[in-house]
1. As I understand it, the value is the acute angle between the Cα axis of helix 743-766 and the longest principal axis of the Cα atoms of the chain; what does it come to in degrees, rounded to 10?
2. Structure shown: which of Lys555/Lys632; Lys9/Lys257; Lys83/Lys126; Lys83/Lys175 lie over 18 Å apart, alpha-carbon to alpha-carbon?
3. Taking the Cα atoms only, what angle lies between the long axis of helix 314-326 and the longest principal axis of the chain, rounded to 10 degrees?
4. Could you look at the chain and say what percent of its accessible area is carbon and sulfur, using a 1.4 Å probe and all protein chains?
5. Would you report the distance distribution of C-alpha pairs in the chain as whole percents per 20 angstrom bin, up to the bin with the largest distance?
6. Any chance you could give the angle, 0 to 90 degrees and rounded to 10, that helix 72-90 forms with the longest Cα principal axis of the chain?
7. Ranking request for peptides 695-702, 168-175: highest mean number of other beta-carbon atoms within 10 Å first, then the rest in descending order.
8. Rg and Dmax of the range 461-524, using alpha carbons, in Å: what are they?
Amino acid sequence: MALFGETKKPFTYDTLREGEEVILMIDLEQYLHIPSLEDDPVCMSRTIDILSETTGATKIVYAQKRNYEYDYNQTIMIQEIAKIYSQLTKKRDMMGYSSLLADPKCTKWAAQWYSTLQNLTADLLKRDPIGAYVELKRNARDERIRIDRTLDQNYISCARNYISILQYLMGLLEKTKLIDAAKQYLSGYKLDDRSVYRRIFTPDIRPDFMFTKLMASFPPEGEEIDSYNLDKNTEVTIFELPDNVQYLYHLIPPEFKLSEEKYEILDTARKIMAEHKPTRQEFIDPERMRQVFYNIGYDMIEELVNYRNLKIPSSEIDEMTKILVRYTVGFGLIEVLLQDEKVQDITINSPLGETPMFIVHQDYSDCKTNIIPTMPESESWASKLRLISGRPLDEANPILDTELTIPGANSRIAVVAPPLNPSGLAFAFRRHRDKPWTLPLFMQKKMINPLAAGIMSFLIDGSRSLLIAGTRSAGKTSLLGAVLVELMRKYRVITIEDTLELPTNSLRKLGYNIQSMKVAAALTKGTSEVPADEGIRTTLRMGDSALIIGEIRSKEALALYEAMRIGALANVVAGTIHGDSPYGVFDRVVNDLGVPRTSFKATDVVIVANPVRSADGLHRWRRVTQITEVRKQWEQDPLVEKGFVDLMKYSSKKDELEASEELINGDSEILKAIAGNVKEWAGDWDAVWDNIMLRANIKKSLVDFASKTNNLELLEADFVIQSNDQFHKISEKIREEIGTLDSKRIFFDWNEWMKRHIKRMDFHSRM
């Protein structure tokens, strides 16, 4: 046995321990074929030789440029065969071999039978144990047929002894997990047909330069139901599995398609770059840090390519550099998953290395993936997240909430560590779009309808206080981001979050006067961050601003309602809160967070977003289920005293929000209060309703035109903000001209502006 890492004869091996794992590392660096139990009979045979010399292996790893890892269940299967092989080579006499050969009556047939047994147990058993089992059965069947056709008593006696040996060997194999798993596929089995092994053995594969493992082969029983590309080199396939209600999200990223030469270059470059440990200061500006590492990595890879006299185009060097950055200062395959806009959540459970990552998919809900993270990688992620956030993650602080920005996506991350999680580290990633959500985008996704969008636009322009409620994964923060997009750019906006999720950077680039403030997380102790309630009180000294609270979780609720009650905030106040109904929000704010009942009346409108499930429970969709105003004439219980009045409520039959009778009849105190501050609307409900419908029709037209022309960019924040600006400008212009807000003229002029603007966009895109 050679030490692993020394040169380098194929099938030298070493046994390593990692926690409870006993890993059989087999060096195949110089092996001329891809190592594989399922495809390579030589590889299977030599592995059985090695296992017959060792004990206790729980995992087999073939080390080449990629590592091919067979997990515990697969290792046990092949280990049982090795045990039988070892037993047979040592105890041949105990099975009657000698007596069969020595009996003078059997001399005529014994040599052939012995040769057959020798071939089956010494050769075929190692390279094709399923074939050995099938041949044993076929031999026994053939001998029984011969016995039935002969009257030679010597032959019958000897053949029965031979059959008993065959049956003994079959009995040994039938007790193994491999033969048990293979039985359903044995009809018509042909020797050296490896297709059955491919159904049973599936290695996790990873290149040398990364820790995450990937189950690269497709599930043999899976039915492909969808596939798409994230880019030209990254493939996603969705499988329905016969024995599981979960779908399989199968990812093949570019790092698993590289040539051996490229793997060697990447491995060399990673080892060089790993010598530099990024500092906290570098992680403060991750975009700049990535660019620096990209530049260094590109030059390094280009130099290695030239040194080896390889011809690799610059586009491929660029791809290799991006992979290198992912596995040095980045987050590996997590980043590839986050670049899929259809992935909403990623969960990674402990203990690492045993279970795959799970995701929530936009179209297929909960899925398992073919990606298995390992402990070394998880520890690397945890270290990077400590640096990025500046927050602790240790025994005293076993919970870390922070955010991650990578090219193409933003994510909120929760990490749980010991002692809260006794089996190690666990992670949850919540993906956010790199662009802000908009009300038209939510209309296109059927989360809201045009009337709901018109009401929300009217409320926001009316400077009301809004709470967006819902359960986890209901889309609360995304909807709050769409509220931000509806604010006119002339107003100052202050956001307060403990984990940065709102699209403040994107909106700043789009011309918003926006200030983001980060406060201490409710569960974090021992940091220098300012508490959330102090952050809110600070905003009162920063001038007239719209105030947006990422999530109301704790004692900051008192400070928020204090500010709202004294009228210190003359613009929109909005935030998210956990709650599945308006009364659930009241109960949480008053009873859990300690806000006085009378203070809760400062809330004008509660917007509830909740997932809606299909009858079979396999699908779910995000929907706004209620838009409810909070009236002020109640004392103890707004539910009993009719303090909650629905403006719109979700109809499961129609799968959309419906206007309530109160809204249709103009019985809305909040909308009337907004109208009371506008000369043209005061006391005129028809004018108010007309304006709400105007806003609804404009947004509907935008969605319809984007869908008709397949130009969904029109629904993104950049264009929606311009559309909102033009709506306000056109409204002001017409009011000055004729003294009233004529909805038909406003809609006509806005529609003409949209056509002209889109023509200009098309012209510039063709230039």
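1. Roughly 40 degrees, rounded to the nearest 10.
2. Checking Cα-Cα distances, Lys555/Lys632; Lys9/Lys257 exceed 18 Å.
3. 90
4. Here it works out to 49 percent.
5. P(r) for the chain, in whole percents per bin: 14, 37, 27, 15, 6, 1, 0.
6. Roughly 10 degrees between the two axes.
7. 695-702, 168-175
8. Every Cα atom of the range 461-524 included, Rg and Dmax give 12.6, 36 Å.
The values are calculated or read from the model by the stated rules, or taken from the named source; none is laboratory data. Model, not experiment: these values are computed from the prediction. Quick reminder, even Gly has a Cβ in these numbers, built from the backbone with ideal geometry, and neighbours come from all protein chains shown. Note: accessible area is taken over every heavy atom of the protein model, side chains too, but ligands, DNA and RNA are not part of it. Shrake-Rupley method; radii C 1.70, N 1.55, O 1.52, S 1.80 Å.
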